[in-house]
Amino acid sequence: MSKVTTKPIAPASRPIGIFDSGIGGLTVANAIQKALPNESIIYFGDTAHLPYGDKSPDSIKYYSIRIAQFLLQQHCKMIVIACNTASSFAYETVKDFIGGQIPVVNVIDPVVEHVTKSKKSRKIGVIGTKGTIKSDIYAKKIHVINKQLDVASLATPLLAPMIEEGFFNNKISRTVIASYLGSRKLSKIDSLILACTHYPLIKQEVSDYYDTDVEIVDSAGVVAEHVKKTLKGKRLLATKRKPVHRFYVSDFTKSFEESTKYFFKNKIHLEKKDLWM
Ligand code: DGL
């Protein structure tokens, strides 16, 4: 009997694996697709366990490891943790689990590098989920680089569900945003980090809130550039190839699929993949 051999997939033509608690991480996938149009993407949204913002660190680590394992099984050449909350609690755990087989990127380090380089920053504001803010990860990472910088963090838990329901660029979103940004904690900031997958969609509204010149930093674009640089450095950039994208969710509903239009430029078909069966 002749031996069946499968052609090994060249590392550079493998997909980039991206995961999030749900569909919000599609903002990061969208930015990566824009910066790297040759790349194929495998996206996993853990809609069965959404929202991560209210979950314990242990649960988030547990979910993230299983998803990372799935992305590895899909032959991904890199894993991008698109979720700020998962990046806050599970980055080190996922990195240990992967054990250097492929690069793992979170959405926090590239942004920290960006704001600490900015000449403007003296007082940096951070808004995100309860989990991200409670972890204090931005202040910790910023202070490793520059102890002089003042970091003020505020949990803004209403924003992600509001955006996912399509409430942005309207009277309701402006009122909610103004109520959060008016917090005394965030007074006199000169940069504001939008530390959540959903917030690129309200970047303009946040910017419009300020009369003074406050730099609004959303992670999607900064992370996409970091992914590009990392793949280039490792000679893993895809060339001359028609990209194929797959979008998986752990729990499928029509409403999730409907909401993807806010986060990703092209129409998306979500496939259900329950990793916990
Ligand atoms: N993806 C989450 C983040 O960026 C927001 C939604 C959630 O709480 O799961 O932190």
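The values are calculated or read from the model by the stated rules, or taken from the named source; none is laboratory data. Nothing here was measured: the structure is a model prediction, and the numbers come from that model. Cβ placement follows ideal geometry from the backbone for every residue including glycine, while neighbour counts extend to all protein chains displayed. Quick note on the areas: whole protein, heavy atoms, side chains included, nothing else; ligands and nucleic acids left out. Shrake-Rupley method; radii C 1.70, N 1.55, O 1.52, S 1.80 Å.
How compact and how long is region 156-234, expressed as Rg and Dmax of its alpha-carbon atoms in Å?
Radius of gyration, then largest Cα-Cα span, for region 156-234: 14.3, 46 Å.
Highest mean first, how do 197-203, 36-42 rank when packing is the count of other Cβ atoms within 10 Å averaged over residues?
On the way: 197-203: 25.0, 36-42: 18.4.
Sorting 197-203, 36-42 by mean packing, highest first, produces 197-203, 36-42.
Can you give me the accessible area per residue for region 127-253, using a 1.4 Å probe, in Å²? Show your work: numbers first, answer last.
Values: 6860 Å² over 127 residues.
Spelled out: the 1.4 Å probe surface of region 127-253, per residue, equals 54 Å².
Could you order 210, 262 by accessible surface area, starting with the largest, using a probe radius of 1.4 Å? Don't skip to the end; give the middle numbers.
On the way: 210 35, 262 75 Å².
Most to least solvent-accessible, the answer reads 262, 210.
Given a 1.4 Å probe and the protein chains all in place, what does the accessible area of residue 143 round to, in Å² to the nearest 10?
Here the accessible area works out near 60 Å².
Give me the percent of the accessible area of the chain that comes from carbon and sulfur atoms, probe 1.4 Å, all protein chains in place.
About 53 percent, which is the carbon plus sulfur part of the accessible surface.
List, largest first, the extents of the alpha carbons of region 110-177 along their principal axes, each in whole Å.
Principal-axis extents of region 110-177 (Cα, largest first): 38, 24, 19 Å.
What number do you get for region 146-277 when its Cα radius of gyration is normalised by 2.2 N^0.38 Å, N = residues?
Numbers: Rg = 18.2 Å, N = 132, 2.2 N^0.38 = 14.1 Å.
So region 146-277 has a normalised radius of gyration of 1.30.
Can you bin region 36-126 into rounded, prolate or oblate? Criterion: square roots of the alpha carbon gyration tensor eigenvalues sorted a ≥ b ≥ c, rounded for a/c under 1.5, prolate for a/b above b/c, oblate for the rest. Show your work: numbers first, answer last.
Values: a/c = 1.95, a/b = 1.35, b/c = 1.45.
Oblate.
Which value, in Å² and to the nearest 10, is the accessible area of residue 130 when all protein chains are kept and the probe is 1.4 Å?
Surface open to solvent at residue 130 totals about 110 Å².
For the chain, what is the calculated [θ] at 222 nm in deg cm²/dmol (nearest 500), taking -39500 (n - 2.57) for each run of four or more DSSP H residues and dividing by its residue count?
Numbers: 11 runs with 115 residues, N = 277.
Here the helix-only value at 222 nm equals -12500 deg cm²/dmol.
Determine the shape class of region 210-264: with a ≥ b ≥ c the square roots of the Cα gyration tensor eigenvalues, call it rounded for a/c under 1.5, and otherwise prolate if a/b is greater than b/c, oblate otherwise. Write down the numbers at each step before the final one.
Values: a/c = 2.83, a/b = 1.02, b/c = 2.78.
The shape class here is oblate.
Using Cα pairs under 8 angstrom and six or more residues apart, how large is the relative contact order of the chain, in percent? If you can, show how the numbers build up before the last one.
Details: 506 pairs, mean separation 74.7, N = 277.
Reported as a whole number, the value is 27 percent.
Using only Cα atoms, tell me the angle between helix 254-263 and the longest principal axis of the chain; keep it within 0 to 90° and round to the nearest 10.
Once rounded, the angle reads 70 degrees.
Rounded to the nearest 20 debye, what is the charge dipole size of region 93-231 about its Cα centre when +1 sits on each Lys and Arg Cβ and -1 on each Asp and Glu Cβ? Don't jump to the answer; show the numbers that get you there.
Numbers: 19 positive and 15 negative charges, 92 e Å.
Value, rounded to 20: 440 debye.
List the equivalent ellipsoid semi-axes of the chain in whole Å, largest first, each obtained as the square root of 5λ for an eigenvalue λ of the Cα gyration tensor. Intermediate results must be reported in sequence, preceding the final value.
Details: eigenvalues 204, 86, 61 Å².
Ellipsoid semi-axes (Å, largest first): 32, 21, 17.
Using a 1.4 angstrom probe with every protein chain in place, what is the largest-first accessible-area order of 109, 211, 54, 20?
Numbers: 109 55, 211 155, 54 105, 20 0 Å².
Descending order: 211, 54, 109, 20.
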